[in-house]
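Peer 1: Once you've had a glance at the structure underneath, I'll fire off some questions.
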Amino acid sequence: MFIANLVSYILVLLGAVNWGLYGIFNFNLVSAVFQGDRSVGAIVVYVLIALAALWLLVYSIFAGGVLRLVGRGERERDRS
């Protein structure tokens, strides 16, 4: 779960940066990278970002509101 949470968090941050750039500068980073709004690469990235956001939402609900971005070994080291 640690890897899924970390990848999801990074993708959601990428989406947030993209929306910020679009809102402030009218510049869409994803469409600039993939040369078009509706290119296959841009659509895949948009879908992955949406799925990552849903994953973080669902996981945090089932985990009691706690999003774990620390691996199991690091938590055990911190306890001692």
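Peer 1: Dipole size in debye (nearest 20) for the chain around its Cα centre, Lys and Arg Cβ +1, Asp and Glu Cβ -1? Walk me through the numbers before you get to the answer.
Peer 2: Working: 6 positive and 4 negative charges, 42 e Å.
The dipole magnitude comes to about 200 debye.
Peer 1: To the nearest 500 deg cm²/dmol, what mean residue ellipticity at 222 nm is calculated for the chain from DSSP H runs of n ≥ 4 alone, each contributing -39,500 (n - 2.57), summed and divided by the residues? Spell out each step's value before the answer.
Peer 2: On the way: 4 runs with 60 residues, N = 80.
Mean residue ellipticity at 222 nm (helix-derived): -24500 deg cm²/dmol.
Peer 1: On to the next question. Which of (1) -0.71, -0.89, -1.23, -1.33; (2) -0.62, -0.99, -1.30, -1.34; (3) -0.57, -0.79, -1.08, -1.21 is the computed log10 I(q)/I(0) by the Debye sum over Cα atoms at q = 0.14, 0.18, 0.24, 0.27 Å⁻¹ for the structure on display?
Peer 2: After the calculation, the listed value that fits is (3).
Peer 1: Expressed in nm to one decimal, what extension gain is obtained for the pair ASN26 and VAL47 from 0.36 nm per residue of sequence separation less their Cα-Cα distance? Don't skip to the end; give the middle numbers.
Peer 2: Numbers: separation 21, 0.36 × 21 = 7.56 nm, distance 2.09 nm.
Full-extension gain reported as 5.5 nm.
Peer 1: Which whole-number percent is the relative contact order of the chain (Cα, under 8 Å, 6+ apart)? Write out the running numbers ahead of the final one.
Peer 2: Values: 52 pairs, mean separation 29.8, N = 80.
Relative contact order comes out at 37 percent.
Peer 1: Summarise the accessible area of the chain (1.4 Å probe, protein heavy atoms) by the percent that is carbon and sulfur.
Peer 2: Details: 4100 of 5950 Å².
The value for the chain is 69 percent carbon and sulfur by accessible area.
The values are calculated or read from the model by the stated rules, or taken from the named source; none is laboratory data. Remember, it's a predicted structure, so these values are computed and weren't measured experimentally. No Cβ is skipped: glycine too gets one built from the backbone with ideal geometry, and neighbour counts run over all protein chains shown. The area values use the complete protein model at the heavy-atom level, side chains included, leaving out ligands, DNA and RNA. Shrake-Rupley method; radii C 1.70, N 1.55, O 1.52, S 1.80 Å.
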